[in-house]
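*Asks:* Pasting in a structure now, in structure tokens, and then I'll have a few things to ask.
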Amino acid sequence: MPISVAIIEDLEEIREGLINYIESDDEFVLISAVATAEEAILKLPGLQPDIAIMDINLPGMSGIGCIRAIKDDCPGTQFMMFTVYENDEKVFEALQAGASGYLLKNATPADILQALKELYHGGSPMSPNIARKLVNIFRSQPSSGMHSNVLGRRENEILQLLSKGLLYKEIASQLTLTVGTVRQHIHNIYEKLHVQNRTEAINKVSKK
């Protein structure tokens, strides 16, 4: 089954470019391309795309507001932010809203397609400078309260690697573990922190 993708982007040139990228790869199928958050709210719950590529600066409701509005109605959809914004406030607002990936619009077509595949397979792809921002903030608060203290040494190591956007198999390779062991550790992390995904886990541990 191909990976189903919806695009929410108001600039026609960028939207058409994304459409062309998606349609050039047999691993994807494009099921919707709209220009506003309001259109997405009407259409996406009925389509249930695997991935929604979401601009932040949309006319009317923002892309971040759109995610908040539809994420509960699209439980299987992974949201990839695709934007020019790279300040900390926008990055964290998007991640806290429910985005699992964050790419800047200067990404190459090959990088975009690879990031979408990583997102579908459990990764949290981000443009390199965005990932560095996230990691630096995470590292600046390594013992930011009781949340990080409930995790074991190995679990904290894995959470730090998750914050870098690494896939399970990459974490397994770096720590000389099996993918199954990594999955079990991540399951334990989520249970201990009472979260459902890596973004929530990183946010929770990073909060002061």
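*Asks:* Within segment 176-196, count every residue that is touching a residue at least 12 places away in the same chain (Cβ under 8 Å) and buried (at least 16 other Cβ atoms within 10 Å of the Cβ).
*Replies:* Selection size over segment 176-196: 5.
*Asks:* Report, by residue number, each residue of segment 1-48 that is part of a helix (DSSP H, G or I), under 16 Å from Ile70 (Cβ atoms) and not aliphatic (A, V, I, L, M). Break it down into steps so the answer makes sense when it comes.
*Replies:* In the first step, residues of segment 1-48 are kept if they are part of a helix (DSSP H, G or I); the result is 12-23, 37-47.
Adding the requirement that they be under 16 Å from Ile70 (Cβ atoms) leaves 37-47.
Within segment 1-48, Glu38, Glu39, Lys43, Pro45, Gly46 qualify.
*Asks:* Is it the case that Gly76 is closer than 14 Å to Ala131 by Cβ and not in a helix (DSSP H, G or I)? Before you say what the answer is, go through the steps one by one.
*Replies:* On the way: closer than 14 Å to Ala131 by Cβ: no; not in a helix (DSSP H, G or I): yes.
Taking the combined requirement at face value, the residue does not satisfy it.
*Asks:* Using the structure shown, decide if Ala110 is outside any loop (DSSP other than H, G, I, E, B), small (Gly, Ala, Ser) and at pLDDT below 75.
*Replies:* no
Residue-wise test of (1) assigned to a loop (DSSP other than H, G, I, E, B); (2) hydrophobic (A, V, I, L, M, F, W, C); (3) buried (at least 20 other Cβ atoms within 10 Å of the Cβ); (4) more than 15 Å from the chain's Cα centre (by Cα).
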{"position": "Asn57", "(1), (2), (3), (4)": "yes, no, no, yes"}
{"position": "Met81", "(1), (2), (3), (4)": "no, yes, yes, no"}
{"position": "Glu86", "(1), (2), (3), (4)": "yes, no, no, no"}
{"position": "Gln96", "(1), (2), (3), (4)": "no, no, no, no"}
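*Asks:* In the set Leu47, Leu30, Leu42, Leu18, which member is touching a strand residue (DSSP E or B) at 6+ places or on another chain (Cβ under 8 Å), aliphatic (A, V, I, L, M) and farther than 17 Å from Ala115 by Cβ?
*Replies:* Selected residue: Leu47, the only one of Leu47, Leu30, Leu42, Leu18 that is touching a strand residue (DSSP E or B) at 6+ places or on another chain (Cβ under 8 Å), aliphatic (A, V, I, L, M) and farther than 17 Å from Ala115 by Cβ.
*Asks:* Could you count how many residues in segment 23-70 are touching a Phe, Trp or Tyr at 6+ places or on another chain (Cβ under 7 Å) and free of Cβ contacts under 8 Å to residues at least 40 places away in the same chain?
*Replies:* Of the residues in that region, 2 qualify.
*Asks:* Still on this model: Sort out which residues of segment 98-133 are buried (at least 23 other Cβ atoms within 10 Å of the Cβ), among the hydrophobic types (A, V, I, L, M, F, W, C) and under 12 Å from Ser163 (Cα atoms), and write them in order of number.
*Replies:* Within segment 98-133, Met126, Ile130 qualify.
*Asks:* Test Val84 against the criterion of being farther than 26 Å from Tyr168 by Cα and of a type in the set (Val, Ile, Thr), and give yes or no.
*Replies:* yes
*Asks:* Would segment 115-123 turn up any residue that is in a helix (DSSP H, G or I), hydroxyl-bearing (Ser, Thr, Tyr) and at pLDDT 75 or above? Walk me through it before giving the result.
*Replies:* Step one: of segment 115-123, the residues in a helix (DSSP H, G or I) are 115-120.
Narrowing the set further to residues that are hydroxyl-bearing (Ser, Thr, Tyr) leaves 120.
After this cut, where a residue has to be at pLDDT 75 or above as well, the list is 120.
Yes - at least one qualifying residue is present in segment 115-123.
*Asks:* Scanning segment 14-34 for residues that are surrounded by 16 or more Cβ atoms within 10 Å (Cβ to Cβ) and hydroxyl-bearing (Ser, Thr, Tyr), which turns out nearest to Gly46 (Cα to Cα)?
*Replies:* Ser32
The values are calculated or read from the model by the stated rules, or taken from the named source; none is laboratory data. What you are looking at is a predicted structure, and each value in this text was computed from that prediction instead of being measured. Every residue, glycine among them, receives a Cβ derived from its backbone with ideal geometry; neighbour counts consider all protein chains shown.
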